[in-house]
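A.B. asks: I'd like to ask some things about the structure below.
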Amino acid sequence: ANSQPNQEIHPYLVINGYYTTRLWIGTPPQRFALIVDTGSTVTYVPCATCEQCGRHQDPKFQPESSITYQSVKCNSDCNCDKSRVQCIYERQYAEMSSSRGVLGEDILSFGNQSELVPQRAVFGCENEETGDLYSQRADGIMGLGRGDLSVVDQLVEKGVISDSFSLCYGGMDIGVGAMVLGGISAPSDMFFTHSDPVRSPYYNIDLKEIHVAGKQLPLDPSIFDEKHGTVLDSGTTYAYLPEAAFVAFKNAIIKELDSLKQIRGPDPNYIDICFSTGSSNVNVSELSKIFPTVELVFGDQKKLLLSPENYLFRHSKVRGSYCLGIFQNEKDLTTLLGGIIVRNTLVTYDREHSKIGFWKTNCSEISERLHRTGGSSSSSGKDNSTVESPTTSAAGGSSRYALPGEIQIGEIRLDMSLSINNSYLKPRINELTDFIAIELEINASQVRLLNFTSEGNSSLVRWAIVPSESSTYISNVTAISIISLLAEHRVKFPVTFGNYKLVQWKVKPNSQQPWRQKHYSTVILSIIIVIIVGLSASAAWVIWRHRQRNINSYKPVHVAVPEQELQPLES
């Protein structure tokens, strides 16, 4: 798959402290502005049924207005509502905000700038939100973390992108940035450092040292490895260090800026550390002449250089004054690096190879700069073994649709052209879905509408045929039968739907093996081990019984084994 979206990211740092991107959900599409969050594992928007949702940038999502929306029915892989009908989700955040709702599935579109075609995905439809989520202007969250409901995980599972994505946050002056879902060709001077997915569920890095003005802070490296370690979180605005690290950093900065006047922060509710430069005309490019550089040193001795804009924010009330955007983490011992740290830095989250890359650049010109350095979008690099063939309505029988060997099919994707326009088709799409299911002799739940678009006076409709609920795959015989019926016009559509043509079909193997097949070797090995252990135990028992017959069954009291005292576990 070559689909590599390039999306703009828009800042709301001055007021709200976050970056957003656009996402369209449903058919017809409904638009939303979502916070880009690598610390969240689910994407969600306010639902039309939500009675405890704030006023946000866009209208709430209306499932009944989308002809492609489906609720996610209760199953063993999700939490269920009280009536055990629909899957639900719940997320709580450190700042005490929360989101609750139901899970739905619909078509997600990434905008005209994206090369990624619209995809079906599961997302959250909010019924309740609290805290900052209630009061913020953004509609919801785009979850890019590690988890089954993450947008990244779902796109990777479908095989449309490689297991990687990149974010580029704009600077203090020009905030616009970009997001790339999928792999890129890394610029030659981008450096990578290890990220351990086993260490924590978040995107962590192995931070060892912090240098201020070239001088290492006197800290034990283990301080950056407490709790979740050092976490890179795009949904957090600033950076937060454990107490000892923060005090050392603050003192080093103050020492380097002893010639500048310290002033009060813009908000009396917070004890900000702010400095006046003495000039109201100081711009960002001149800050490096006044404020020291900071370096983050990782375990492999790679260094990330922080310009002043990577640890300062503008004083909102005093021109020419700046405040530290690095604070003490008073909640736990995790080192949390938010968006401020990676301003004007392209960050590549290469999940496939467990590493994170950094490249200092101007994020407002990222597309041009990537092209210039040879770092343009690459293919997904993932072979999802899709069998694909364009079809024409020529005779020749079902042998024309033969598949390369016997495979267990997880999805048949069909692109069909209809000689009626979209406005006529839209109110009749459910009728057409039911008709296709009947003619193909399959259940209606197996026929899924993925998308439909207008082509002049015609419509292009994309369907997916999936296995029935009682089966894990579609057989080759069934797949060939379905494809040939449609390709050779042996299915006669009602006159109301005009003429049709099967433009293209694709067959995708089933990515989920049956339990028996997936665990067969494990079960066999377990049985062998049980047999061996059983035989060994039997042999040991026979030997022990033989010895017991040859010795006195009673021992003197003084050689008896003393009772061992159980020690309480330390809490």
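The values are calculated or read from the model by the stated rules, or taken from the named source; none is laboratory data. Note that the structure is predicted; figures quoted are calculated from it, not measured. Every residue, glycine as well, gets a Cβ built from its backbone with ideal geometry; the counts of neighbours run over all protein chains shown.
A.B. asks: Got a number for residues in segment 159-187 being touching a Pro at 6+ places or on another chain (Cβ under 8 Å) and at positive phi? I'd like the intermediate steps shown before the answer.
C.D. replies: Taking segment 159-187 as the starting set, the residues that turn out to be touching a Pro at 6+ places or on another chain (Cβ under 8 Å) are 169-170, 175-177, 179-182.
Retained after the next criterion (residues that are at positive phi): 182.
The total comes to 1.
A.B. asks: Cβ-Cβ under 9 Å, sequence separation 6+ or interchain: first residue in segment 183-197 and under 27 Å from Glu115 (Cβ atoms) and among the hydroxyl-bearing types (Ser, Thr, Tyr), partner assigned to a loop (DSSP other than H, G, I, E, B) and at pLDDT 95 or above. Which pairs?
C.D. replies: Ser195/Tyr203; Ser195/Asp206; Ser195/Arg351; Ser195/Ser354
A.B. asks: Of all residues in segment 281-307, which are surrounded by 20 or more Cβ atoms within 10 Å (Cβ to Cβ) and not aromatic (Phe, Trp, Tyr)?
C.D. replies: Within segment 281-307, the first condition is being surrounded by 20 or more Cβ atoms within 10 Å (Cβ to Cβ), and the residues that meet it are 291, 294, 296, 298, 304, 306-307.
Result: Val294, Leu296, Leu304, Leu306, Ser307.
A.B. asks: If Asn281 passes every condition in (1) assigned to a strand (DSSP E or B); (2) modelled with pLDDT under 95 but one, which one does it miss?
C.D. replies: (1)
A.B. asks: With respect to Val231, is the statement that it is surrounded by 14 or more Cβ atoms within 10 Å (Cβ to Cβ), closer than 29 Å to Leu167 by Cβ, touching a Pro at 6+ places or on another chain (Cβ under 7 Å) and of a type in the set (Val, Ile, Thr) true?
C.D. replies: Details: surrounded by 14 or more Cβ atoms within 10 Å (Cβ to Cβ): yes; closer than 29 Å to Leu167 by Cβ: yes; touching a Pro at 6+ places or on another chain (Cβ under 7 Å): no; of a type in the set (Val, Ile, Thr): yes.
Judged against the criteria, Val231 is not a match.
A.B. asks: Among the numbered conditions (1) under 30 Å from Tyr89 (Cβ atoms); (2) surrounded by fewer than 21 Cβ atoms within 10 Å (Cβ to Cβ), tell me where Tyr240 comes up short.
C.D. replies: Failed condition: (2).
A.B. asks: Answer with yes or no whether Thr453 is in a loop (DSSP other than H, G, I, E, B) and surrounded by fewer than 17 Cβ atoms within 10 Å (Cβ to Cβ).
C.D. replies: Working: in a loop (DSSP other than H, G, I, E, B): no; surrounded by fewer than 17 Cβ atoms within 10 Å (Cβ to Cβ): yes.
It is false that Thr453 is in a loop (DSSP other than H, G, I, E, B) and surrounded by fewer than 17 Cβ atoms within 10 Å (Cβ to Cβ).
A.B. asks: Filter segment 201-218 down to the residues that are part of a loop (DSSP other than H, G, I, E, B) and touching a strand residue (DSSP E or B) at 6+ places or on another chain (Cβ under 7 Å), then identify the one that is farthest from Leu337 (Cα to Cα). First the steps, then the outcome.
C.D. replies: Residues of segment 201-218 that are part of a loop (DSSP other than H, G, I, E, B), as a first pass: 201-203, 206, 213-214, 217-218.
Still in the running and touching a strand residue (DSSP E or B) at 6+ places or on another chain (Cβ under 7 Å): 202-203, 206, 217.
Working: Tyr202: 12, Tyr203: 10, Asp206: 12, Leu217: 17 Å.
Applying the filter and picking the extreme gives Leu217.
A.B. asks: Is there any pair linking a residue in segment 14-26 that is on the phi > 0 side of the Ramachandran plot to one that is modelled with pLDDT of 80 or more and among the charged types (D, E, K, R), with Cβ under 7 Å and at least six apart or on different chains, and which?
C.D. replies: Short answer, once both residue conditions are applied: Gly26/Asp106.
A.B. asks: Now, a different point. Quick one: Gln4 ticks every box in (1) at pLDDT below 95; (2) in contact with a Gly (Cβ under 9 Å, 6 or more places away or on another chain); (3) assigned to a loop (DSSP other than H, G, I, E, B); (4) farther than 22 Å from Asn451 by Cα except a single one, so which number is it?
C.D. replies: It is condition (4) that Gln4 fails.
A.B. asks: Among the residues of segment 293-333 satisfying the criterion of being of a type outside the set (A, V, I, L, M) and touching an Asp or Glu at 6+ places or on another chain (Cβ under 7 Å), which is nearest to Pro268 (Cα to Cα)?
C.D. replies: Pass one, segment 293-333, residues of a type outside the set (A, V, I, L, M): 293, 295, 298-303, 307-311, 313-317, 319-323, 325, 327-332.
From what is left, the residues that are touching an Asp or Glu at 6+ places or on another chain (Cβ under 7 Å) are 298-299, 303, 323, 328.
Details: Phe298: 36, Gly299: 39, Lys303: 36, Cys323: 14, Gln328: 17 Å.
Step by step, filter segment 293-333, then rank; the result is Cys323.
A.B. asks: Consider Lys60 carefully, then state whether it is modelled with pLDDT of 95 or more and surrounded by fewer than 16 Cβ atoms within 10 Å (Cβ to Cβ). Let's see the steps before the verdict.
C.D. replies: Working: modelled with pLDDT of 95 or more: yes; surrounded by fewer than 16 Cβ atoms within 10 Å (Cβ to Cβ): no.
Judged against the criteria, Lys60 is not a match.
A.B. asks: Picking from Ser188, Ser222, Ser259, which residue would you name as being under 17 Å from Gln328 (Cα atoms), of a type in the set (S, T, N, Q) and more than 24 Å from the chain's Cα centre (by Cα)?
C.D. replies: On the way: Ser188 fails: under 17 Å from Gln328 (Cα atoms); Ser259 fails: under 17 Å from Gln328 (Cα atoms).
After ruling out the rest, the residue left standing is Ser222.
A.B. asks: I want to confirm something. Restricting to segment 382-436 and keeping residues that are over 33 Å from the mean Cα position of the chain (by Cα), at pLDDT 80 or above and within 16 Å of Leu485 (Cβ to Cβ), which single residue is surrounded by the fewest Cβ atoms within 10 Å (Cβ to Cβ)?
C.D. replies: So the residue we want is Phe435.
A.B. asks: Turning to a different aspect of this structure: I'm checking my understanding of the structure. Among residues of segment 308-336 that are surrounded by fewer than 15 Cβ atoms within 10 Å (Cβ to Cβ) and over 26 Å from the mean Cα position of the chain (by Cα), which one is farthest from Gly171 (Cα to Cα)? Outline the logic, then answer.
C.D. replies: As a first pass, look at segment 308-336 and keep what is surrounded by fewer than 15 Cβ atoms within 10 Å (Cβ to Cβ): 316-317, 319, 330-332.
Filter once more, keeping what is over 26 Å from the mean Cα position of the chain (by Cα): 316-317, 319, 330.
Working: Ser316: 16, Lys317: 20, Arg319: 18, Glu330: 27 Å.
Looking at residues that are surrounded by fewer than 15 Cβ atoms within 10 Å (Cβ to Cβ) and over 26 Å from the mean Cα position of the chain (by Cα), I get Glu330.
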